[in-house]
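S.K.: My questions all concern the structure below.
The values are calculated or read from the model by the stated rules, or taken from the named source; none is laboratory data. Here the structure is a predicted model, which is why all the values come from computation and not from measurement. Because the Cβ atoms are built from the backbone with ideal geometry, glycine has one as well, and the counts that use them run over all protein chains shown. With ligands, DNA and RNA removed, areas are computed over all heavy atoms of the protein, side chains included. Shrake-Rupley method; radii C 1.70, N 1.55, O 1.52, S 1.80 Å.
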Amino acid sequence: MKGLILCLFGFSVNVSADLLLYSDSDKFYGCLDCHKFNGTSVCNKFGTFGNRYSAQSLWSKHGIGNPSTGDSPFSTDGPGLKVQDEEGNSRGYLSRSHTGTTDFRKLLNKLWDSTEGDHDEMRNIFCE
């Protein structure tokens, strides 16, 4: 969705293009702001990147969503995931740690705290 503004808990992140998630080793982890029916969306319950049972989903506590994994956006120690637009321009890091881009970090920390780390509930709130 072009021109989307992600807004959660009073924080907004202006988006001018689809935001894509990658590990530092350039493994793809989905589209952060694509329509929820897009196959690469982190909000597609039936897709690889939005399914709570997929190791490639933010919402899997046994996959990239596991906070003890350095690449996990929910880790307070690791780098999290790189955020890039469709042209490959860096938009920072999606992470709860100090390496996370300020708006993303605040959003993730509020999301984590309000759900006590419940991956299903975080997904429901984020994807509404």
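S.K.: In terms of Cα to Cα distance under 20 Å, which aspartates and glutamates are near enough to K110, apart from those fewer than 8 places away along the same chain?
M.R.: Correct list for K110: D33, D71, D77, D118, D120, E121, E128.
S.K.: Quick one: with all protein chains in place, what share of the accessible area of the chain is carbon or sulfur, to the nearest percent (1.4 Å probe)?
M.R.: Exposed carbon and sulfur together represent 48 percent of the surface.
S.K.: Still on this structure, please answer the following. Helix-only estimate, please: 222 nm mean residue ellipticity of the chain, summing -39500 (n - 2.57) across DSSP H runs of length 4 or more and dividing by its residues, to the nearest 500.
M.R.: Result for the chain, helices only: -5500 deg cm²/dmol.
S.K.: How high is the FRET efficiency between E87 and F46 when r is their beta carbon distance and R₀ equals 35 Å, given to the nearest 0.05?
M.R.: 0.80
S.K.: Also, quick follow-up: Choose one answer from N109, N89, N44: the residue with the largest mean-square fluctuation in a GNM of the chain with alpha-carbon springs under 10 Å.
M.R.: Largest GNM mean-square fluctuation: N89.
S.K.: So how far apart, in nm, are the two label points at N66 and Y53 if each is 7 Å from Cα heading toward Cβ?
M.R.: Rounded to a tenth, the inter-label distance reads 1.8 nm.
S.K.: What is the spin-label model distance, in nm, from D118 to D26 if the labels are put 7 Å beyond Cα along the C-beta direction?
M.R.: 4.0 nm
S.K.: What do you get for GluC sites (Glu not before Pro) in segment 71-124 restricted to DSSP loop and a cutoff of at most 10 other Cβ within 10 Å of the site's Cβ?
M.R.: Within segment 71-124, the qualifying GluC sites (Glu not before Pro) (loop, at most 10 other Cβ atoms within 10 Å) are E87, E116.
S.K.: Per the Kirkwood definition applied to all pairs of different Cα atoms, how many angstroms is the hydrodynamic radius of segment 15-128?
M.R.: Mean inverse Cα-Cα distance, inverted, gives 13.5 Å.
S.K.: How large is the accessible surface per residue of the chain, computed with a 1.4 Å probe and reported in Å² as a whole number?
M.R.: 50 Å²
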